[in-house]
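The structure appears below as structure tokens.
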Amino acid sequence: MREVEEQLRSEVVRLFAEGAIDLFLGYSSSRVPLRSAACVLHDADGVARLVWNRTCTPNLAALLRELLRSPPGATGDAPPRIGLLAKGCVSRSLVTLMKANQISRESLLIIGVDCPGMIDRHKVAARVGGEIAAAIWSGDDLAVRATGSGEHILSAEDVLLDDCRTCAHPSAVLSDRFLGEPRAPRRDALDDPASSLTEAEPEERWSHFQGEVARCIRCYACREACPNCFCTECFADASDPRWIGVTTDETDLALFHLGRAFHQAGRCVSCGACVSACPLGIDLRMLYEKVNGDVKVRFGTDVGTSLDEPEPLCRFALEDDETFMTEPGKGGRGMGVR
Amino acid sequence: MIEANAEFEPRIVAFLCNWCSYAGADLAGVSRMQYPPNVRVVRVPCSGRIDPLFVLKALQNGVDGVLVSGCHPGDCHYVSGNLLARRKFAVLKSLLEHVGVEPERIHFSWVSAAEGARFAEILERVIGAVRQVGPGTKMVKSIEEAQ
């Protein structure tokens, strides 16, 4: 990743010098250990701030609509041309957003990279059993100093985000330049079970789901981190009708998470940005991977890999599955669809 | 427990499309067909109009089962609303089942305007299934909310 980081910096300097871009969207390190933040450059001066490492979890596509709407670097009426760094999942988010008419291909200059997988700071915190005070990388090994429990050496592979562990498209699927060598899609990763819950009994699944959503503090960080949450008014904020009550009732939390999960069907690229953004480490993946797996199996959609194919819930086929439907006189139980 | 369930009268909300299923329910009524009185009907323009949030909200407000019904494929007044709805509900039902909500509570079907008898039969079936799993407890809100 070091070489790619160097190449990235010189490429960005060159793009600004050529006048090919007005802004560059990448990652910079933050003061919080093991977190990188999105960073917007207006000129080549700040290029040394750019980083590319295994903590670059935010999905940069989530910032594009905002940048394109009120472009801070724009001159005149021309829309700004935005250069951005795209790992596999970000590039697939770009495809999804283009299909939803949220961004235009012409305004982007995409620098594609191959992503070795990002680390999950919740997993790191669980391993070290305390708050992460400082972290130092040496290659793929990570030395973490935790408050109260001394120093730990971890391997990045052991603390990968689950979404990265099962990622099928680690390299950008769409790019103008590619830094490094692109990797072929990992076909073997496609059918990895989304969650350990798939095999569990209904009551077990319910208590896990309840336990997870009950911790939600409704900060909506998952929504803010998500490129797919581009609705002008989120159903969670609507006051008429007020879908989600202003109470501490757990069903209100469940309704938010189920509603959001449903909206992700056919759009979620499993970037893990929401999982990383969640301050409580809620198992959001159990919901999004479920709807994603469903559209994959039912409608054959591999999200964000084709610009031509409409979203799975915006089209239909006459021969779509009907086995989940209720017919008169069919047997009692076993009506499940899972 | 079985006795308790036999006593239990479920409350079902049925979202019926204006052009087929609602007319089918109407036909069942004017034909004086017998079907259990546990259903509350909400008329909507098309099954495609039904946002999955309607279903979630109904469960939250304490109904024991939800039926969504529209025109048979090819009969939709808006050409394909029912086919889009079919995809949506396949995903929704599967998602709810995944988090542990009983699939017996969520139903989706086709009923045409001429199928009064079919409507009655489907309702019997829905109510039977909901009776089996008993009163809804998951997703039911316990805090009263000021409207």
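The values are calculated or read from the model by the stated rules, or taken from the named source; none is laboratory data. Note that the structure is predicted; figures quoted are calculated from it, not measured. Don't worry about glycine lacking a Cβ; one is built from the backbone with ideal geometry, like all the others, and counts go over all protein chains shown.
When residues in the range B:41-88 are screened for being β-branched (Val, Ile, Thr) and free of Cβ contacts under 8 Å to residues at least 40 places away in the same chain, 5 of them pass. For the range A:35-79, the set of residues classified as at pLDDT below 90 and of a type in the set (A, V, I, L, M) consists of A:Leu67, A:Leu68, A:Ala74, A:Ala78, listed by residue number. Annotation: A:Ala265 fulfils all but one of (1) facing chain B (nearest Cβ under 9 Å); (2) over 17 Å from the mean Cα position of the chain (by Cα); (3) in a loop (DSSP other than H, G, I, E, B); the unmet one is (2). Residues in the range A:51-72 that are outside any helix (DSSP H, G or I) and more than 30 Å from A:Arg145 (Cβ to Cβ): A:Ser70, A:Pro71, A:Pro72.
The rows are residues; the columns are (1) facing chain B (nearest Cβ under 9 Å); (2) modelled with pLDDT of 95 or more; (3) not in a loop (DSSP other than H, G, I, E, B).
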{"position": "A:Ala184", "(1), (2), (3)": "no, no, no"}
{"position": "A:Asp188", "(1), (2), (3)": "no, no, yes"}
{"position": "A:Pro193", "(1), (2), (3)": "no, no, no"}
{"position": "A:Thr232", "(1), (2), (3)": "no, no, no"}
{"position": "A:Ala238", "(1), (2), (3)": "no, no, no"}
{"position": "A:Arg242", "(1), (2), (3)": "yes, no, no"}
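Is the range B:36-46 home to any residue that is within 11 Å of chain A (Cβ to nearest Cβ) and either touching a strand residue (DSSP E or B) at 6+ places or on another chain (Cβ under 8 Å) or surrounded by fewer than 18 Cβ atoms within 10 Å (Cβ to Cβ) (or both)? The answer is no; no qualifying residue exists. In the set A:Glu181, A:Glu131, A:Glu199, only one residue is closer than 30 Å to A:Ser104 by Cα, surrounded by fewer than 19 Cβ atoms within 10 Å (Cβ to Cβ) and more than 21 Å from the chain's Cα centre (by Cα); that residue is A:Glu181.
If the condition is being part of a helix (DSSP H, G or I) and either within 24 Å of the chain's Cα centre (by Cα) or aliphatic (A, V, I, L, M) (or both), then the range A:10-50 contributes A:Val12, A:Val13, A:Leu15, A:Ala17, A:Ala44, A:Val47, A:Ala48, A:Arg49. Restricting the search to strands (runs of 3 or more DSSP E) fully inside the range A:82-157 and requiring at least 1 residues that are within 19 Å of A:His169 (Cβ to Cβ) and aliphatic (A, V, I, L, M) gives A:82-86, A:108-113. Determine whether A:Ser155 is surrounded by fewer than 13 Cβ atoms within 10 Å (Cβ to Cβ), among the hydroxyl-bearing types (Ser, Thr, Tyr) and at pLDDT 90 or above. Here the answer is yes, as A:Ser155 does meet what is asked.
Could you check A:Arg223 against (1) more than 12 Å from chain B (Cβ to nearest Cβ); (2) assigned to a helix (DSSP H, G or I); (3) buried (at least 21 other Cβ atoms within 10 Å of the Cβ); (4) not aliphatic (A, V, I, L, M) and say which number it fails? Single failed check for A:Arg223: (3). Take the conditions over 12 Å from the mean Cα position of the chain (by Cα) and of a type in the set (S, T, N, Q) and apply them to B:Ser109. Does it pass? Judged against the criteria, B:Ser109 is not a match. Apart from one condition, B:Phe15 fits all of (1) in contact with a strand residue (DSSP E or B) (Cβ under 9 Å, 6 or more places away or on another chain); (2) at pLDDT 95 or above; (3) surrounded by fewer than 22 Cβ atoms within 10 Å (Cβ to Cβ); (4) closer than 23 Å to B:Gly128 by Cα; the exception is (3). Checked against the criteria, A:Cys268 counts as at pLDDT 90 or above, surrounded by 24 or more Cβ atoms within 10 Å (Cβ to Cβ) and closer than 18 Å to A:Arg165 by Cβ. Has the range A:272-285 got at least one residue that is within 13 Å of chain B (Cβ to nearest Cβ), part of a helix (DSSP H, G or I) and either within 19 Å of the chain's Cα centre (by Cα) or closer than 20 Å to B:Lys138 by Cβ (or both)? Looking through the range A:272-285, at least one residue is within 13 Å of chain B (Cβ to nearest Cβ), part of a helix (DSSP H, G or I) and either within 19 Å of the chain's Cα centre (by Cα) or closer than 20 Å to B:Lys138 by Cβ (or both). B:Glu104 meets all of the listed conditions (1) at the interface with another protein chain (Cβ under 7 Å from one of its Cβ atoms); (2) surrounded by 22 or more Cβ atoms within 10 Å (Cβ to Cβ); (3) without any contact (Cβ under 8 Å) to a residue 40 or more places away in the chain; (4) closer than 26 Å to A:Cys314 by Cβ but one, namely (4).
If the condition is being of a type in the set (Ser, Thr, Tyr) and either within 16 Å of B:Phe54 (Cα to Cα) or surrounded by 12 or more Cβ atoms within 10 Å (Cβ to Cβ) (or both), then the range A:226-247 contributes A:Ser239, A:Thr247.
Scanning the range A:244-257 for residues that are among the aliphatic types (A, V, I, L, M) and more than 7 Å from chain B (Cβ to nearest Cβ) gives A:Ile244, A:Val246, A:Leu253.
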